[in-house]
Amino acid sequence: MNTAPERGAVEIDGVARPALIFPLTLEGIRRKRLSQAIWFVPLLAFIVIYAVLLIRIGTRTDTTSHILRVFVIAMEGLFIAIAVWLIRSWRKPGFVALLREGVYSRSGIGPVLVPWETITKAGVHKLAGVLSLGLLTNTTPRHGPFWLRANRPIQRRLTGWDFSYPLVVIRGAAEFERLVRSCVADPAERSRISAV
């Protein structure tokens, strides 16, 4: 999995920027189909359970049935949306890219740009047996999903880092880790990213 990164460009806010792109892949994960089934089978079970509940409520017209019907339909939609999101994430895992501006990732959680200026520390940590590169920042990035502001403190509490990049799923993980550490330590390295 220590292949060289791809040179290319990523588009952020409609502007193409030169980058070193490290594709994400599920190839490095042992028993990936089993882990996918462990997540997907309960989702399917919940979808079926809520479909059965919806049928059982049927055409009753009392107030309780209306409230239950709305709740069951909302939960059914939620579980279907999660299932679609999981399938989409497994089929197209995304990438992590190093730009002159920072570390950019596009995955199932959405696009996130962590600017170099906000990164205070980079280091390796292990959570649940998965070796990851962690980044500590002094602020929440402005390019990211709307819920990132709430997730960052939870992530810091669980792992000790604001952002974690699991090295097992990054193609060229050793080079990614080396480049991130050098760019955090030496700001002059950041300007050479597109030339590497």
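What follows is calculated from the coordinates using simple rules that are stated; it is not laboratory data. In this text the structure is predicted, and so the values were computed from the model without any measurement. A quick note on method: Cβ atoms are made from the backbone with ideal geometry, for glycine too, and the neighbour counts reach across all protein chains shown.
In a DSSP loop and with at most 12 other Cβ atoms within 10 Å, the trypsin sites (Lys or Arg not before Pro) in region 47-107 are R60.
The stretch between H125 and R149 holds 6.4 nm of extra length on full extension. This uses 0.36 nm per residue minus the Cα-Cα distance. Which one, (1) 69, 34, 33; (2) 72, 52, 39; (3) 105, 51, 38, gives Cα extents along the principal axes in Å as derived from the coordinates shown? Among (1) 69, 34, 33; (2) 72, 52, 39; (3) 105, 51, 38, the one calculated here is (1). Here's how it looks for D162: its modeled amide H is under 5 Å from those of L135, L136, T137, which are all 5 or more places away or on a different chain.
Computed over the chain, the per-residue total of -39500 (n - 2.57) for DSSP H runs of n ≥ 4 gives a 222 nm mean residue ellipticity of -14500 deg cm²/dmol, rounded to 500. In terms of its C-alpha gyration tensor, region 32-90 has a prolate overall shape, because the principal axis ratio a/c (a ≥ b ≥ c, square roots of the eigenvalues) is not below 1.5 and a/b outweighs b/c. Note the angle between two axes, namely the Cα long axis of helix 148-159 and the longest principal axis of the Cα atoms of the chain, as a number of degrees from 0 to 90, rounded to the nearest 10. Between the helix axis and the principal axis of the chain, the angle is about 80 degrees. Inter-label distance, L43 to L78: 1.5 nm, where each label sits 7 Å from its Cα along the C-beta direction.
Sites listed here are chymotrypsin sites (Phe, Trp or Tyr not before Pro) in region 101-192 whose DSSP assignment is loop and whose Cβ has at most 15 other Cβ atoms within 10 Å: F146, W147. Rounded to the nearest 20 debye, the dipole size of the chain about its Cα centre is 380 debye, using +1 on the Cβ of Lys and Arg and -1 on the Cβ of Asp and Glu. Proximity of backbone amide H atoms, modeled 1.01 Å from N, is registered between G8 and A19, I21 at under 5 Å, excluding neighbours fewer than 5 places apart on the same chain. Structure remark: mean-square fluctuation, Gaussian network model of the chain, C-alpha springs under 10 Å; the largest value among F40, F95, F71 belongs to F71. Phi angles across region 71-85 convert, under the Karplus curve 6.51 cos²θ - 1.76 cosθ + 1.60 with θ = phi - 60°, into 3J(HN,Hα) values of 4, 5, 5, 5, 5, 4, x, 4, 5, 5, 5, 5, 4, 5, 4 Hz, Gly and Pro given as x. What the phi angles of region 162-170 give under the Karplus curve with 6.51, -1.76 and 1.60, with θ = phi - 60°, is a coupling list of 7, 9, 10, 10, x, 5, 5, 9, 9 Hz, glycine and proline written as x.
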